[in-house]
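To start, the structure itself, in structure tokens.
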Amino acid sequence: MNGQSTRAPGSMLPVLSWYVPGKVLRLYIPGDYSLEDSRFVNALILRELDQSQDDLMLLIDAMEMNRPYNFDQIRATQTYQNHPKLKTIYTATADRVVKLGMLIIFNISRAQLHLADNIDEADRMLNARLNSPG
């Protein structure tokens with residue numbers, strides 16, 4: 001990825017980029033998140049996790065995400081959530097239904113899930129984790 005954003009073919013969305021290079025990936029999801037998008041994103045995140053020498057965290061910016069309706073189908077495509085190098089997932093959204101969707105999608109994830117009401121709150125939680133000893 002080399003610090004560059006990567007976009008699904010034929011779509012401006014979603015966007016995967018480095019939030020903190022080599023440590024935290026950022027997934028920006030405005031609008032609808034289709035099954036096709038989720039499969040594409042899964043492949044991108046798996047590639048980054050497989051190539052990483054270190055454990056990574058994921059920040060999902062869902063502040064502009066439309067309410068999903070196919071939680072179970074999306075969950076089945078997001079296999080990256082059980083990758084041994086993904087330790088923590090931070091999700092930012094003010095929408096209660098999107099939060100519920102994230103809980104359903106990641107409820108059996110190997111990675112820890114943290115929900116925030118906005119990006120600033122997610123950033124504070126993430127930085128506290130990055131700056132904590134051990």
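Residues of segment 16-29 being over 22 Å from Val98 (Cα atoms) and buried (at least 17 other Cβ atoms within 10 Å of the Cβ), which ones? Step through it out loud before you land on a result.
Restricting attention to segment 16-29, the residues satisfying the condition of being over 22 Å from Val98 (Cα atoms) are 18, 20-23.
Scanning segment 16-29 gives a single hit, Trp18.
Please pick out the residue among Asp50, Asp54, Asp95, Asp32 that is surrounded by fewer than 19 Cβ atoms within 10 Å (Cβ to Cβ) and either under 19 Å from Leu130 (Cα atoms) or under 11 Å from the mean Cα position of the chain (by Cα) (or both).
Working: Asp50 fails: either under 19 Å from Leu130 (Cα atoms) or under 11 Å from the mean Cα position of the chain (by Cα) (or both); Asp95 fails: either under 19 Å from Leu130 (Cα atoms) or under 11 Å from the mean Cα position of the chain (by Cα) (or both); Asp32 fails: either under 19 Å from Leu130 (Cα atoms) or under 11 Å from the mean Cα position of the chain (by Cα) (or both).
The conditions single out Asp54.
If I filter segment 77-98 down to residues being within 18 Å of Ile119 (Cα to Cα) and touching a strand residue (DSSP E or B) at 6+ places or on another chain (Cβ under 7 Å), which single residue comes out as modelled with the lowest pLDDT? Spell out the reasoning first.
Filtering segment 77-98 for residues within 18 Å of Ile119 (Cα to Cα) gives 88-98.
Subsequent filtering for residues that are touching a strand residue (DSSP E or B) at 6+ places or on another chain (Cβ under 7 Å) retains 88-93, 98.
Details: Thr88: 97, Ile89: 97, Tyr90: 98, Thr91: 97, Ala92: 98, Thr93: 97, Val98: 92.
The selected residue is Val98.
Among the numbered criteria (1) surrounded by 15 or more Cβ atoms within 10 Å (Cβ to Cβ); (2) over 13 Å from the mean Cα position of the chain (by Cα), which one does Asp120 miss?
For Asp120, the failing item is (1).
Does Asp117 qualify as being modelled with pLDDT of 95 or more and farther than 20 Å from Ser17 by Cα? I'd like the intermediate steps shown before the answer.
Working: modelled with pLDDT of 95 or more: yes; farther than 20 Å from Ser17 by Cα: yes.
When the stated conditions are applied, Asp117 passes them.
Every residue, every condition in (1) in a strand (DSSP E or B); (2) of a type in the set (A, V, I, L, M), yes or no:
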| site | (1), (2) |
| --- | --- |
| Ile89 | yes, yes |
| Lys99 | no, no |
| Met102 | no, yes |
| Arg110 | no, no |
| Leu115 | yes, yes |
| Asp120 | no, no |
| Asp123 | no, no |
| Leu126 | no, yes |
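Is it the case that some residue within segment 2-11 is β-branched (Val, Ile, Thr), part of a strand (DSSP E or B) and modelled with pLDDT under 95? So that I can check it myself, show each step before the final result.
Of all residues in segment 2-11, those β-branched (Val, Ile, Thr) come to 6.
Narrowing further to those that are part of a strand (DSSP E or B): 6.
Adding the requirement that they be modelled with pLDDT under 95 leaves 6.
Within segment 2-11 (the criterion being β-branched (Val, Ile, Thr), part of a strand (DSSP E or B) and modelled with pLDDT under 95), the answer is yes, since at least one residue qualifies.
Looking only at segment 21-38, filter to residues that are in a helix (DSSP H, G or I) and touching a helix residue (DSSP H, G or I) at 6+ places or on another chain (Cβ under 8 Å); which one of those is nearest to Gln51 (Cα to Cα)?
Restricting to residues being in a helix (DSSP H, G or I) and touching a helix residue (DSSP H, G or I) at 6+ places or on another chain (Cβ under 8 Å), the top hit is Ser38.
From the residues in segment 42-76 that are at pLDDT below 95 and in a helix (DSSP H, G or I), which one is farthest from Met125 (Cα to Cα)?
Taking the candidates together, the pick is Gln73.
Of the conditions (1) over 12 Å from the mean Cα position of the chain (by Cα); (2) touching a residue at least 24 places away in the same chain (Cβ under 8 Å), Gln78 clears all except one; give me its number.
(1)
The values are calculated or read from the model by the stated rules, or taken from the named source; none is laboratory data. Keep in mind that what you see is a predicted model, and the values were worked out from it rather than measured. All Cβ positions, even for glycine, are placed from backbone atoms using ideal geometry, and neighbour counts span all protein chains on display.
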